[in-house]
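The values are calculated or read from the model by the stated rules, or taken from the named source; none is laboratory data. Everything numeric here is computed off the predicted structure, so don't read it as measured data. Note that we place each Cβ from the backbone using ideal geometry, even for glycine, and neighbour counts take in every protein chain shown.
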Amino acid sequence: MRLFFTWTYLGRTIMLEFNKEKENLFMDIASPKEVEKCLQGVDYPAKKQDLIQHAKAHGADQRVMETLQQLPEENFQSPVGVSKAIGEIGHRGGPTR
């Protein structure tokens, strides 16, 4: 059994996963707003790797970079598409720490 709890605290999205077979795990992802700030100036449509390179070149922090790494391999048509994909990370039980 897996249960997920997601909330925002001080502008950070936090997800708690309870997995009966494992210990409690935490996943701390950047908010869509944080990611969007690092992606200003991206020409859309853009591939995941293009977003990662742009964010890195513009000084994105480790949390933003880890969030971008979790995005699906697809062409994003706009910042809205990126934000939707970030929202899905927690719902699909993305990688946890």
**Cβ pairs under 9 Å, 6+ apart, first in the range 52-76 and in contact (Cβ under 8 Å) with a residue 60 or more places away in the chain and on the phi > 0 side of the Ramachandran plot, second surrounded by fewer than 16 Cβ atoms within 10 Å (Cβ to Cβ) and acidic (D, E)** = none
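Would you confirm, using the coordinates I've provided, whether G81 is part of a helix (DSSP H, G or I) and of a type in the set (G, A, S)?
Answer is yes for this residue.
Being surrounded by 16 or more Cβ atoms within 10 Å (Cβ to Cβ), of a type in the set (G, A, S) and modelled with pLDDT of 95 or more is the filter here; which residues of the range 26-59 pass it?
Here is the first cut: in the range 26-59, the ones surrounded by 16 or more Cβ atoms within 10 Å (Cβ to Cβ) are 27, 29-32, 34-36, 38-39, 42, 46, 48, 50-52, 54-55.
Add one more test, that the residue is of a type in the set (G, A, S), and what stays is 30-31, 46, 55.
Answer for the range 26-59, where residues must be surrounded by 16 or more Cβ atoms within 10 Å (Cβ to Cβ), of a type in the set (G, A, S) and modelled with pLDDT of 95 or more: A46, A55.
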